[in-house]
Amino acid sequence: MIKVLFFAQIRDQLATSELQMASDENSSVQALLSNLKARDDKWNRVLSNTRLMVAVNQTICNDNVDLHSGDEVAFFPPVTGG
Amino acid sequence: MIKVQSEDFNQQVEYNRLRKDPSVGAVVTFSGLVRDINQGEQVSTLTLEHYPGMTESSLAEIVKQAESRWNIIDCTVIHRIGELQLLDQIVFVGIASLHRQDAFAACEFIMDYLKTQAPFWKKETNAQQQSYWVDARDSDQEALNKWTDK
């Protein structure tokens, strides 16, 4: 399984902070994103945000990264700390 | 030293910790505070969310990059989380070095990276008790670019 986390506005808009997804159907960040977008219009709209950031195993990365069972993927808006 | 905490911090304690090594000739510190007006809104409280685990590791990576670019003897980064009030301290970066140039540059570098790479998010509540997430600023991204253009 792949653990999927959502933070800040993305979490609020999806009303979801955490999900488990099957690893065999989500072999890359790109595949995971398209499966999540296919859930409904709201998920499609929120996750189509061009400024969406992705981290795999707590490191910021792009959509091309491959995923494996046990990975942790997080989606979040641009960071605003400091 | 890297700390992510809800408690406040004491500037004097952190400064003293940075000047223990007799080779230290310069200490530069930065602190960020909760401001009353942001993006045209009167702010009453600020809440900081973060991504536990990744926050600490991303700050450690930012400090490691600074240490590879400048001569740093000691470095402290403290970032607070949770609900904060006006004038509260949000963030502290302190750099101890042989000379001021390295300390100034490393301090600015760490803040510019922290603002665009460390997973913290600010939510403000205004005087009418409406809450909203703070938008990322393009100027923060531009500040980061000056370190990669060199």
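The values are calculated or read from the model by the stated rules, or taken from the named source; none is laboratory data. Owing to the predicted nature of the structure, the values given are computational and were not obtained by experimental measurement. With ideal geometry, Cβ positions are generated from the backbone for all residues, glycine too; neighbour counts draw on all protein chains shown. The protein model used for the area step is the full one, side chains on, heavy atoms only, and it has no ligands, DNA or RNA in it. Shrake-Rupley method; radii C 1.70, N 1.55, O 1.52, S 1.80 Å.
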By residue number, the members of region A:1-40 that are over 23 Å from residue B:135 (Cα atoms), in a loop (DSSP other than H, G, I, E, B) and within 14 Å of another protein chain (Cβ to nearest Cβ) are none
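Residue-wise test of (1) touching a residue at least 24 places away in the same chain (Cβ under 8 Å); (2) closer than 21 Å to residue B:42 by Cα; (3) surrounded by fewer than 20 Cβ atoms within 10 Å (Cβ to Cβ).
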| site | (1), (2), (3) |
| --- | --- |
| B:60 | yes, no, yes |
| B:69 | yes, no, yes |
| B:79 | yes, no, no |
| B:92 | yes, no, no |
| B:100 | yes, no, yes |
| B:112 | yes, no, no |
| B:118 | yes, no, no |
| B:125 | yes, yes, yes |
| B:137 | no, yes, yes |
Going through region B:111-139 in order, the residues found to be in a loop (DSSP other than H, G, I, E, B) and either facing chain A (nearest Cβ under 7 Å) or at pLDDT 95 or above (or both) are B:118, B:119, B:134, B:136
query: Quick one: would you say residue B:54 is under 21 Å from residue A:53 (Cβ atoms), within 12 Å of chain A (Cβ to nearest Cβ) and touching a Phe, Trp or Tyr at 6+ places or on another chain (Cβ under 9 Å)?
result: no
Note on residue A:8: of the conditions (1) surrounded by 15 or more Cβ atoms within 10 Å (Cβ to Cβ); (2) modelled with pLDDT of 95 or more; (3) of a type in the set (Gly, Ala, Ser); (4) farther than 30 Å from residue B:48 by Cβ, unmet is (4)
Residues in region A:41-82 that are over 11 Å from the mean Cα position of the chain (by Cα), open to solvent by 20 Å² or more (accessible area, probe 1.4 Å) and within 11 Å of chain B (Cβ to nearest Cβ) total 6
Within region B:19-48, residues over 29 Å from residue B:1 (Cβ atoms) and hydrophobic (A, V, I, L, M, F, W, C) come out as B:37, B:43
